């Protein structure tokens, strides 16, 4: 028995390692490239022969990248906040109330999630130009919220459904208004769900390239993924690979920080002990 | 503290089902009232309507003389203990109990003091800083009670608060609930499906079936003088024995022999529309081993002989199961009771009589035994509507009464 479990553990361990190596190799490769000098860039060595921070210096020297980073952080944070707040309210209503048109609402939000985004780019471009939203922060925040909301509603309603309804009744009996019951009893219990959703939505906004390249034209609201594609070398003959790699590494940092920060709050089993299960 | 009055309260759900029908109930200040009935009888819905968690479709609900139909739960000043306890898992025991007080915007010192007091009453003081997840079932139950008593509400509502506890703890907590209610003197409405809890706890018991009140009264009265077949079958454990009885030549022909009837019952049965087929009900303790009955008592009852199926010795007395011939009594009420007990599809051939005989009885399994039963304590029911025919001015006096 013990033998089989050890063997099983080893097997699973090997499988895990394989998956991690498969997923992380490109990332490590990019990191390695970002530390290489232009001369050694194409030597095919995994560990750079000459280490340099020149690439990082380059990207932070250009106003282009720093500005894009600020845009990215700002737009993603605002879109995430709004999407999670709206999503929480919608998901709460869906999981707790029976109202006319509930199925329709779920259906429509699913439809939005399934709609190919690329087909909306041209209409959005026209609409935003007419409304003067083109190349502004709201011009990106609004479509991000639209596409993040179905995701938020889905994940959150799953979390809300797990919370025993008796808790809300108990809060009401204890003298809470509907709002107080939600804020002081339900929301703290749904916190893991809120954070999970926030992470997913943030990653979605942060990584978006399609809307960002179509609905922006200047540094005013260009986000990092787009800014990367506009990188050029010092001269037209110079290859900006090193700089792009450095920028790619830099933009993964906020997302890692974001995930790590929120992950600590995702404590499972938060509702245990509420009701006799 | 306040009285609670339900005036023709009904609950109709949007899908058309009526969960509660015209319930009239007056609960006096400080009274302990139990709502009891099989699952789906509307007792929880009634409680939720008093709480304000469900809307009242029609009728009026008054708490302390004030109409509260349209008031939110928070404005009714009543506390509720849930079957699931519904403790806030993100808060400690202290915070759980303080929650209603904090919502009422009391100052910190008062809150701390009140929580300490309530914790002392329920012996929760050493647990105050624990989270619900680290408490046992019984402790959680006490915290739920603590959260209810801490703000001294007008009334307590309890929705099967003990049904999640194991049998031993339930008996223990039953006395705790009872003592607490007497100590605080707060009007309490308690919902349960357990007739033992209903009998032991309440000042008055309300028996419900299919959304309607069947009978309201002190436990002993419901036991001795049930209004109808349903109440008779629901109250008591082991439950009342039911046999078919045919009215023939001024007597009742039953599997136990011909049962004589008194003048009053005879008059009632003489009517043209009077039923010919009746249901006879006898409680297990109204049987006795014929050997142990003295002459004086013997005259008040009658005897029969039946084969003994099973003997269960309880120490204090013996439960003896007798096989009797003849059809099992049937009616809608009895079927519902059987379904609630989970025994609807389990019935042996013929009918089985449960009797409770003295421990001194020498009865053994397999033998034919002579058994006596008390005619003054038997009930007769009309199978069509379940009405108790032996009941006269609210009193049941057996079939012999004049």
Original post:
Using the alpha-carbon atoms, what tilt in degrees (0 to 90, nearest 10) does helix B:167-184 show relative to the longest principal axis of chain B?
Top reply: 60 degrees
Original post:
On average over all directions, what projected area in square nanometres does region A:1-68 have, based on the convex hull of its Cα atoms?
Top reply: 7.2 nm²
Subject >> Antiparallel %, DSSP beta bridges [both residues in chain B], to 5 >> reply: 80 percent
**OP:** Rank these for me by crowding, B:269, B:61, A:24, going from fewest to most other beta carbons within 10 Å.
**Re:** A:24, B:269, B:61
Original post:
With no solvent and one point per C-alpha, what does the Debye sum give as log10 I(q)/I(0) for the protein assembly as shown at q = 0.05 Å⁻¹?
Top reply: -0.43
**OP:** Give me the angle, in degrees from 0 to 90, between the Cα long axis of helix B:332-341 and the longest principal axis of the Cα atoms of chain B, rounded to the nearest 10.
**Re:** 60 degrees
Subject >> Rough spin-label spacing in nm, given labels placed 7 Å along Cα→Cβ, for residue B:309 and residue B:72 >> reply: 5.7 nm
**OP:** State the antiparallel share, in %, of DSSP beta bridges confined to the protein assembly as shown, rounding to the nearest 5.
**Re:** 80 percent
Subject >> Stretch gain in nm, segment residue A:53-residue A:32, where the contour uses 0.36 nm per residue and the Cα spacing is subtracted >> reply: 6.4 nm
Subject >> Residue-averaged 222 nm ellipticity for chain B, from DSSP H runs of 4+ at -39500 (n - 2.57), nearest 500 >> reply: -7500 deg cm²/dmol
Original post:
How many partner chain Cβ atoms sit within 10 Å of a residue's Cβ in peptide B:135-146, on average, as a whole number?
Top reply: 1
Subject >> Overall Cα dimensions of region B:4-229, principal axis frame, Å, largest first >> reply: 50, 39, 32
Original post:
Once region B:234-396 is represented by equal point scatterers at the alpha-carbon sites, with solvent omitted, what log10 I(q)/I(0) does the Debye formula produce at q = 0.12, 0.13, 0.20 Å⁻¹?
Top reply: -0.54, -0.64, -1.45
**OP:** Kindly state, to the nearest 0.05, the FRET efficiency for residue B:395 paired with residue B:15, given R0 = 45 Å and r defined as their beta-carbon distance.
**Re:** 0.60
**OP:** Report the dimensions of region B:124-178 along its three principal axes from the alpha-carbon atoms, largest first, rounded to Å.
**Re:** 31, 27, 16
Subject >> For residues of A:175-187, the mean tally of beta carbons on other chains within 10 Å >> reply: 4
Original post:
Looking at the square roots a ≥ b ≥ c of the eigenvalues of the Cα gyration tensor of region A:45-143, which shape do they give, rounded for a/c under 1.5, prolate if a/b is larger than b/c, or oblate?
Top reply: prolate
Original post:
When Cβ neighbours within 10 Å are restricted to other protein chains, what is their mean count per residue of peptide B:71-78?
Top reply: 4
Original post:
Under the definition of Cα pairs under 8 Å and six or more residues apart, what whole-number percent is the relative contact order of chain A?
Top reply: 30 percent
Subject >> region B:1-117 - convex hull of alpha carbons, volume per residue in Å³ >> reply: 141 Å³
Original post:
Taking the highest mean first, how do the peptides B:255-262, A:198-205 order by number of other beta carbon atoms within 10 angstrom per residue?
Top reply: A:198-205, B:255-262
**OP:** With only alpha-carbon atoms counted, please give the Rg and Dmax of region A:56-263, in Å.
**Re:** 20.2, 73
**OP:** List B:379, B:392, B:225 from most exposed to least, where exposure is judged by having the fewest other Cβ atoms within 10 Å.
**Re:** B:392, B:225, B:379
**OP:** Could I have the simple spin-label model distance between residue B:277 and residue A:17, label points 7 Å from Cα toward Cβ, reported in nm to one decimal?
**Re:** 8.0 nm
Subject >> Distance (nanometres) between label positions extended 7 Å along Cα→Cβ at residue B:22 and residue B:325 >> reply: 4.6 nm
Original post:
Taking R0 as 51 Å, what's the FRET efficiency between residue A:217 and residue A:43 from their Cβ-Cβ distance, rounded to 0.05?
Top reply: 0.85
Original post:
When averaged across all projection directions, what area in nm² does the alpha-carbon convex hull of chain B cover?
Top reply: 23.1 nm²
**OP:** Rounded to the nearest 0.05, what FRET efficiency do residue B:125 and residue B:365 give with R0 = 51 Å and r taken as the Cβ-Cβ distance? Could you check?
**Re:** 0.45
Subject >> Stretchable slack from residue B:39 to residue B:109, in nm (0.36 nm times residue separation minus alpha-carbon distance) >> reply: 20.8 nm
Original post:
If the viscosity is 0.890 mPa s and the temperature 25 °C, what Stokes-Einstein diffusion coefficient in µm²/s follows for region B:149-257 when Rh is the Kirkwood radius over Cα pairs?
Top reply: 151 µm²/s
Original post:
Share of antiparallel DSSP beta bridges in region B:4-229, in percent to the nearest 5?
Top reply: 50 percent
Original post:
For region B:249-299, what is the Kirkwood hydrodynamic radius in Å, using each pair of distinct C-alpha atoms?
Top reply: 13.2 Å
Original post:
What is the helix-to-structure angle for A:63-96, meaning the angle in degrees between its Cα long axis and the longest Cα principal axis of chain A, kept from 0 to 90 and rounded to the nearest 10?
Top reply: 20 degrees
Original post:
Could you put B:178, A:72, B:384 in order, starting from the residue whose Cβ has the fewest other Cβ atoms within 10 Å?
Top reply: B:384, B:178, A:72
Subject >> Among A:173, A:114, A:31, residue whose mean-square fluctuation peaks in a GNM of chain A (springs only between Cα atoms under 10 Å) >> reply: A:173
Subject >> Computed helical MRE - 222 nm, chain A, DSSP H runs ≥ 4 contributing -39500 (n - 2.57), nearest 500 >> reply: -23500 deg cm²/dmol
Subject >> Whole-number Å³ per residue for the convex hull built on Cα positions in region A:146-239 >> reply: 133 Å³
**OP:** Once you have the Cα-Cα distance between residue B:172 and residue B:117, take 0.36 nm times their residue separation minus that, and quote the gain in nm to one decimal.
**Re:** 17.7 nm
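Every read-out reported here was derived from the displayed coordinates using simple, explicitly stated rules and does not represent laboratory data. Quick caveat: nothing in here was measured; it's all calculated off a predicted structure. Because the Cβ atoms are built from the backbone with ideal geometry, glycine has one as well, and the counts that use them run over all protein chains shown.
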